[in-house]
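Below: the structure, in structure tokens.
The values are calculated or read from the model by the stated rules, or taken from the named source; none is laboratory data. Here the structure is a predicted model, which means the values were calculated and not measured. We place every Cβ from the backbone using ideal geometry, glycine too, and count neighbours over all the protein chains shown. For the accessible areas, the whole protein counts, side chains as well, though only heavy atoms, and no ligand, DNA or RNA atoms are used. Shrake-Rupley method; radii C 1.70, N 1.55, O 1.52, S 1.80 Å.
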Amino acid sequence: MDGEFAGIILLGIQTFQQTKVMWVGGMAVVPKYRRNKVASQLIDYAEHLAKENACDRLMPEVIATNERAKKLYELKGFQVVNELAVGSLNLPAISKEKKTITFKSVTPNELSLTEHPWTPWQNRFIFSDKNYNIYQDGIRLGSISFNVTEDGSSNILILTQFYLLERIDCSVVTAILFRLKEQEQATMVKLTNFDQALPEYQELEKIGITLQLTQFQMTKEINNGVANSYCD
């Protein structure tokens, strides 16, 4: 505006489960230019690009406490898909469970059929450092995906996806996480952009989660005219 930098929006396009999506990776407005409809213009431009690139959906994420941004997106025709959690797991200091848990590395393609259609772009299998199938006494329990980051001399395990084939005892979930933490030599387990509506999240809640924040994943149908297909 007036020849000065006023704001930025980060966009990316992926085809995910036969749906071409433009993701909004982030948006910010320089404080000096707030309340000048810069954010509104950035969203309109993103929608223009989404249409130009024949995308089916435009999908941003909004921190839950940012009511102003959420309201703006809603005024633009976006609707909430789910609420995503960012935080850390409160695992006990010592595991009392003596369950035999093993992991087998798998490719993202091998897990693609289990990937939830509303998985946030940054949590997809293709962006995870490691993807494993989980076994107990040779029986497959599900799959788990995560990234590993370094914090000084220790590793932090960041859980991105966790799928169970059926509901299992919370003690087994605890044993899975302890075994994974041990295998990766991690001091802490965190989760990022984890869908709170998934039954796996409810199992993690039983162990204990300290939330850092939550954010809403939102969507707007672009080219097919189906405004509420996210409810299917």
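Across segment 58-143 the C-alpha pair distances fall into 5 Å bins from zero in the proportions 3, 10, 15, 15, 16, 14, 11, 7, 5, 3, 1 percent.
In segment 1-150, taking the dipole from charged Cβ atoms about the Cα centre, the farthest positive-side position among F103, L91, I63 is held by L91. Normalised per residue, the accessible area of the chain is 53 Å², obtained with a 1.4 Å probe and no contribution from ligands, DNA or RNA.
Per-residue ellipticity at 222 nm, computed for the chain from helices alone with -39500 (n - 2.57) per DSSP H run of at least four residues, works out to -6500 deg cm²/dmol.
Using a probe of 1.4 angstrom, how much of the accessible area of the chain is carbon and sulfur, in percent? It is 50 percent, rounded to a whole number.
Within the set of other residues whose C-beta is less than 12 Å from the C-beta of K70, count the net charge using Lys and Arg as +1 and Asp and Glu as -1. Combined, the nearby Lys, Arg, Asp and Glu give -1.
So what's the net charge close to G25: Lys and Arg +1, Asp and Glu -1, counting the other residues with Cβ under 15 Å from its Cβ?
On the way: positive: R57, R124; negative: E61.
Taking every Cβ under 15 Å from that of G25, the sum is +1.
Taking the inverse of the average 1/r across all pairs of different Cα atoms in the chain, what Kirkwood radius in Å do you get? Write out the running numbers ahead of the final one.
Details: mean 1/r = 0.0516 Å⁻¹.
With all distinct Cα pairs of the chain included, I get 19.4 Å.
Here the chain is assigned +1 on the Cβ of each Lys and Arg and -1 on the Cβ of each Asp and Glu. Its dipole about the Cα centre then comes out at about 280 debye. Non-local lysine pairs in segment 1-133, meaning eight or more places apart or on different chains, with alpha-carbon distances under 29 Å, amount to 21. Legend: helices of the chain (whole DSSP H runs) are marked when their alpha-carbon atoms reach 15 angstrom or more along the helix axis and their mean Kyte-Doolittle hydropathy is at least -0.5; marked are 38-52, 170-183.
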